[in-house]
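The values are calculated or read from the model by the stated rules, or taken from the named source; none is laboratory data. Just so you know, these numbers come straight off a predicted model, no measurement behind them. Please note: Cβ atoms are built from the backbone with ideal geometry, for glycine as well, and neighbour counts cover all protein chains shown.
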Amino acid sequence: MPSIDLACVGHLVYDIRDYVESFPSADRTVLLRRAPQISAGGSAANVALNAIRLGHSSGLVANVGDDPHGRFLLSELAREGINSAHVKLVKKARTALSIILIDPQGEVMVVEDLGCVDDARRMPAHLLDDSKWVHVSGCCYEWMRDAAKMAGKSGKPLSFDPGRAASRMGQKKLEPILKHVDLLIINRKELAAITGSFSLEGVKDLSRQYDCSVVLKQGKGPAISCTGGHDQFEVPSFSAPHVVDTLGAGDAFDTGIICGKLEGRSLYESIKMGHACAAAKVMHAGAQSMPKRSVIRKLFKF
C-alpha cells in the first residue's frame, strides 16, 4: 500500500437499500417509495470513502468473497480512489450483504448476511508503515486486537468505533484494544455495553483509564468528550435542513473527527467537523452519500 493518510480496518459489505413507505411487520406487505439502490457499505469502507470526500487518501483492510458481489465492491473502491491492496478476495466464499429498509423519516432496519467478512486473516505487515492514522471499526475480535497492537507498537494514532456488536463484548474483553486507543468514539448504548452503565461518568472514566480521548455521539444532541479524565465538554450538533437517510451518519461523524485531527485541529473543532459531516450525510440517500468538503463547508461553515 503506498503512503496514505488513513488506513481503515473492518467491514466491506454489498448494500441493497429499499426505501419503504413504512417498516413491515408479520403477515403484512409494504411498498417501496423509490427504486432500490445498490452500493458498497460497511463502517470501515464508509469511513475510507468519506476521507476521500474530505480530500484525504485512504486504504482499506477487509474481506470480500470471490463472487459477483465481491468483484463489484472492488470495482467501487477503485472508482472512488480507495486503496484496496489489502482487501482479501476469499476463495469459495460469500461476500457480506446487507438488506436495508429506510422509512420516510430516514430511520433504518437492517438484515445482514456476514458471509466471509470476518474470516481469519493476518493484519498487513506494512499497514502502519504506510499510513498516518489507523481507524478500526467493529469487526472480528482478532482483527481489532491485532491492528490495535500494531498501532501501539508503531506509535501511530489509533481511533476505534466498536459499534453495537463489539461493544457487547464488554470492557474486560476489549481491554487489549482499548489500551492502545488514542480516540474512542461510541454512543450511549455502546457506553453502557462497555462499562455496564449509561452514566456519563463512564466517558470520563474510560478516558482516564486508557489515557485517551473519548467522544460520545448522541445523534441530534451534543457530543460529549473528555481526554485523560479531565475537562469534559460538549460540542453542539448541526441541524440538517431535511433528513432522507440516517444510515452511515455515525461513520460520517467519525470521519470528520479523524480528518480534523489529521489536519491539526483541536478536538473540539474536529468534533464540530464530525457534526457537519453527519448532518450533510443524512440529507442524502445511502451510507456512502456524504458530499464533498466544499459542499459541507458551504452548508455548515465548519
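Values computed for the structure shown
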read-out: Qualifying residue in the stretch 242-255 (condition: part of a helix (DSSP H, G or I), farther than 17 Å from residue 186 by Cα and not aliphatic (A, V, I, L, M)); value: no
read-out: Flag if residue 185 is in a strand (DSSP E or B) and at pLDDT 95 or above; value: yes
read-out: Selected residue (criterion: nearest to residue 298 (Cα to Cα)) from residues of the stretch 250-275 that are buried (at least 24 other Cβ atoms within 10 Å of the Cβ) and hydrophobic (A, V, I, L, M, F, W, C); value: 273
read-out: The lone exception for residue 202 - which of (1) surrounded by 14 or more Cβ atoms within 10 Å (Cβ to Cβ); (2) in a strand (DSSP E or B) it fails; value: (2)
read-out: Subset of the stretch 150-182 [in a helix (DSSP H, G or I), at pLDDT 95 or above and either under 20 Å from residue 261 (Cα atoms) or acidic (Asp, Glu) (or both)]; value: 175, 178
read-out: Residue within the stretch 29-39 that is closer than 20 Å to residue 135 by Cα, out of contact with any Asp or Glu (no Cβ under 8 Å at 6 or more places or on another chain) and of a type in the set (D, E, K, R) present; value: no
read-out: One residue from 80, 142, 76, 107 being touching a helix residue (DSSP H, G or I) at 6+ places or on another chain (Cβ under 6 Å) and either farther than 19 Å from residue 247 by Cα or of a type outside the set (Phe, Trp, Tyr) (or both); value: 80
read-out: Members of the stretch 114-147 that are among the basic types (Lys, Arg) and not in a loop (DSSP other than H, G, I, E, B); value: 132, 145
read-out: Residues located in the stretch 26-67, provided they are in contact with a strand residue (DSSP E or B) (Cβ under 6 Å, 6 or more places away or on another chain) and of a type in the set (Lys, Arg); value: 33, 34
read-out: Neighbours by Cβ (under 6 Å, 6+ apart or cross-chain): first from the stretch 70-87, on the phi > 0 side of the Ramachandran plot; second of a type in the set (Val, Ile, Thr) and in a helix (DSSP H, G or I); value: 81/52
read-out: Those residues of the stretch 69-103 which are closer than 14 Å to residue 39 by Cβ, of a type in the set (Val, Ile, Thr) and buried (at least 16 other Cβ atoms within 10 Å of the Cβ), in sequence order; value: 82, 95, 100, 102
read-out: Test: residue in the stretch 223-237 that is aromatic (Phe, Trp, Tyr) and more than 25 Å from residue 164 (Cα to Cα); value: no
read-out: Subset of the stretch 261-280 [under 16 Å from residue 55 (Cβ atoms) and outside any loop (DSSP other than H, G, I, E, B)]; value: 261, 262, 270, 273, 274, 276, 277, 280
read-out: Of all residues making up the stretch 9-68, the number that are part of a loop (DSSP other than H, G, I, E, B) and either buried (at least 24 other Cβ atoms within 10 Å of the Cβ) or on the phi < 0 side of the Ramachandran plot (or both); value: 23
read-out: Only one of 295, 215 that is more than 26 Å from residue 14 (Cα to Cα), at pLDDT 95 or above, crowded, with 18+ Cβ neighbours inside 10 Å and hydrophobic (A, V, I, L, M, F, W, C); value: 215
read-out: Candidates 149, 156, 179 - the one that is charged (D, E, K, R), in contact with a strand residue (DSSP E or B) (Cβ under 7 Å, 6 or more places away or on another chain) and surrounded by 14 or more Cβ atoms within 10 Å (Cβ to Cβ); value: 156
